[in-house]
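Participant: Sharing a structure here in structure tokens format.
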């Protein structure tokens with residue numbers, strides 16, 4: 001697949017999407033949004049892909065929206081009848097929803113996402129962290145949100161961050177803007193990332209974690225991920241019922257028979273993903 005703002009690679013059952021505008025610290029452009037949308041759909045639709053890694057090229061994961069367009073007319077306007085993606089205005093659900101920019105469709109996709117934070121993560125770049133299922137970080141990573149420092153309201157970025165960090169910490173990050181940075185050690189202490197890795201070994205560790213996860217039954221992994229993700233927005237009773245529904249669906253698959261059989265026969269399971 002040929003892209004100009006991202007890289008796409010598949011090794012075994014894992015795909016890796018790398019934001020690839022290092023000269024702009026992987027700032028999100030309209031073209032990057034289009035290419036990421038296509039790449040995320042490819043991951044979800046490719047049967048041989050069981051897990052996704054998202055990372056960045058250069059010294060940043062992502063610094064959010066590209067501000068080169070600040071103060072210039074929008075490429076897509078209501079008066080023009082099309083949006084920045086060239087689609088009829090309000091002609092798709094995407095346009096009615098909160099803008100997702102670089103974020104994977106984490107509430108719709110089934111496959112787990114690992115975020116490998118290679119450096120600076122700011123603004124909408126934080127979305128890649130708060131919507132990932134497993135987050136690891138280079139020892140050179142740092143985190144902040146500059147919106148209020150440039151006269152903007154962060155919106156979804158801080159709403160998501162406040163569900164991951166303690167409220168007082170999220171408020172401090174949001175309201176102090178570019179003047180408050182979380183070093184990677186502090187991010188680890190707070191649970192924003194699960195592991196700090198020497199910078200040069202970050203991607204090797206990301207591929208390793210994906211491979212370990214892929215040793216498990218893919219459908220069970222997906223059902224577990226969906227139960228947790230979707231259950232977070234529900235009262236506990238409804239979340240338990242939702243989880244039970246996923247459990248019952250997976251219990252009827254061939255892999256649900258293969259797992260216990262392989263365990264009793266003391267061999268590695270052969271997952272057929274059905």
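Participant: Hey, what did the chain get for relative contact order, percent, Cα under 8 Å, at least 6 apart?
Facilitator: Over the chain, the number comes to 15 percent.
Participant: Between 55, 14, 46, find the one with the highest GNM mean-square fluctuation for the chain; connect C-alpha pairs within less than 10 Å.
Facilitator: Fluctuation is largest for 46.
Participant: Another one. Per the Kirkwood definition applied to all pairs of different Cα atoms, how many angstroms is the hydrodynamic radius of the stretch 84-172?
Facilitator: Final number for the Kirkwood radius of the stretch 84-172 is 14.5 Å.
Participant: Calculate, for residue 211 and residue 87, the FRET efficiency according to 1/(1 + (r/R0)^6) with r their C-beta to C-beta distance and R0 22 Å; round to the nearest 0.05.
Facilitator: Computed FRET efficiency for residue 211 and residue 87: 0.05.
Participant: Going by C-beta contacts inside 10 Å, put 243, 149 in order with the fewest on the left.
Facilitator: 149, 243
Participant: Now, a different point. I want the antiparallel fraction of DSSP beta bridges within the chain, as a percent rounded to 5.
Facilitator: Percent antiparallel among DSSP bridges in the chain is about 30.
Participant: Kirkwood Rh, Cα Rg: Rg to Rh for the stretch 224-272?
Facilitator: That ratio equals 1.14.
Participant: Viscosity 1.567 mPa s, temperature 4 °C: what is the translational diffusion coefficient of the stretch 193-245 from Stokes-Einstein with a Kirkwood Rh over Cα pairs, rounded to a whole number of µm²/s?
Facilitator: 98 µm²/s
Participant: How many angstrom separate the Cα center of the stretch 229-274 from the Cα center of the stretch 1-44?
Facilitator: Their Cα centres are 30 Å away from one another.
Participant: Oh, and also: Just 231, 58, 119 to compare: in a GNM of the chain, with alpha carbon springs under 10 Å, which one fluctuates most?
Facilitator: Highest fluctuation of the listed residues: 231.
Participant: Just how far, in whole angstrom, is the stretch 159-181 from the stretch 130-153 if you go by their alpha carbon centroids?
Facilitator: Answer, in whole Å: 10.
Participant: For the chain, with a Gaussian network of springs between Cα atoms less than 10 Å apart, report the residue from 240, 44, 35 with the top mean-square fluctuation.
Facilitator: 240
Participant: To continue, here is another question. Return one number: the angle in degrees, 0 to 90 and rounded to the nearest 10, between the long axis of the Cα atoms of helix 167-176 and the longest principal axis of the Cα atoms of the chain.
Facilitator: 30 degrees
Participant: Right, something else. If you rank 1, 32, 203 by fewest surrounding Cβ atoms within 10 Å, what's the result?
Facilitator: 1, 203, 32
Participant: With a cut-off of 8 Å between alpha carbons and a minimum separation of six or more residues, what is the relative contact order of the stretch 218-264 in percent?
Facilitator: 36 percent
Participant: Rounded to the nearest angstrom and ordered from largest down, what semi-axes does the equivalent ellipsoid of the stretch 176-274 get from its C-alpha gyration tensor (root of 5λ)?
Facilitator: 34, 23, 9
Participant: At 0.36 nm per residue, and after removing the present C-alpha to C-alpha distance, how many nm does the segment from residue 232 to residue 195 gain when stretched out fully?
Facilitator: Contour length minus the Cα-Cα distance gives 11.0 nm.
Participant: Along each of the three principal axes of the Cα atoms of the chain, give the extent in whole Å, ordering the values from largest to smallest.
Facilitator: Sorted from largest, the Cα extents of the chain read 65, 44, 43 Å.
Participant: Please arrange 54, 193 by counting, for each residue, the other beta carbons lying within 10 Å of its beta carbon, fewest first.
Facilitator: By the 10 Å Cβ count, ascending, the order reads 193, 54.
Each value in this text was obtained by applying a stated rule to the coordinates, not by laboratory testing. Worth saying up front: this structure is predicted, and the values here are computed from it rather than measured. Positions of Cβ are generated from backbone atoms using ideal geometry, with glycine treated the same way; all protein chains shown enter the neighbour counts.
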